Amino acid sequence: MPNILVVDDQKDVRTMIAMVLRVNRFEVREAGSGAAGLEAFAAEAFDAVIVDVFLSDANGLDVITTMRQRKPDLPVVAVSGMTSFDFARQSEELAGVQCLKKPFRPNDLIQAIELAQRSVGRLGDAEGAAV
C-alpha cells in the first residue's frame with residue numbers, strides 16, 4: 001500500500017486529506033508543521049508527499065525543495081488556498097510538482113497524486129536518456 005506524507009498546519013484540512021487517502025487505500029502519515037514533516041520524511045520512506053505552500057513555521061516550497069534534494073524522484077502535490085502556482089518553474093527541485101488549489105474535491109486530490117507519480121517518471125526517463 002503506497003505511503004503518503006501529508007504536511008499541512010490546518011488540522012481539519014490534514015484530516016480531510018488523510019481520510020480521502022485512506023478510503024483510496026493509501027497509508028498516511030500526518031505532520032502539522034514543516035519541521036515535523038521534514039522529521040517524518042527523514043525517519044520513514046514515503047511514496048509521495050502532499051505539502052501546503054503556506055505553513056506557520058516554514059515555507060512549503062522550501063520543505064519540498066529539501067525533500068526533493070534527498071529524493072529527487074519524489075512525487076509531490078503542493079496545495080494552497082492563497083497563491084498562484086507560478087513557482088513551479090523556479091527550480092529543478094520543483095519540476096513535476098503538481099499544484100492543487102484549496103478547496104478541492106477528493107477526486108482532484110487522487111488525480112493530482114497520479115499526475116505527480118507520472119511526472120516524476122517522465123523526469124526520471126529524461127534524466128536516464130541524457131546520461
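Observations on the model:
- In region 51-74, of all residues being of a type in the set (Ser, Thr, Tyr) and in a helix (DSSP H, G or I), the one that is nearest to residue 112 (Cα to Cα) corresponds to 65.
- Residue selected from region 81-131 under the condition among the acidic types (Asp, Glu) and open to solvent by 50 Å² or more (accessible area, probe 1.4 Å), by the criterion modelled with the lowest pLDDT: 127
- Close pairs (6 angstrom Cβ cut-off, 6 or more residues apart or separate chains): at negative phi and at pLDDT below 95 in region 13-41, surrounded by fewer than 17 Cβ atoms within 10 Å (Cβ to Cβ) and not in a helix (DSSP H, G or I) anywhere: none
- Residue selected from region 1-41 under the condition among the β-branched types (Val, Ile, Thr) and outside any helix (DSSP H, G or I), by the criterion most open to solvent (accessible area, probe 1.4 Å): 28
- Any chance residue 62 is surrounded by fewer than 22 Cβ atoms within 10 Å (Cβ to Cβ) and at pLDDT below 80: no
The values are calculated or read from the model by the stated rules, or taken from the named source; none is laboratory data. Note that the coordinates shown come from a computational prediction; the quantities given were computed from them, not determined experimentally. When we count neighbours, we look across all protein chains shown, and the Cβ atoms used for this are built from the backbone with ideal geometry, even at glycine. Remember, those area values only see protein heavy atoms, side chains included, never the ligands or the DNA or RNA. Shrake-Rupley method; radii C 1.70, N 1.55, O 1.52, S 1.80 Å.
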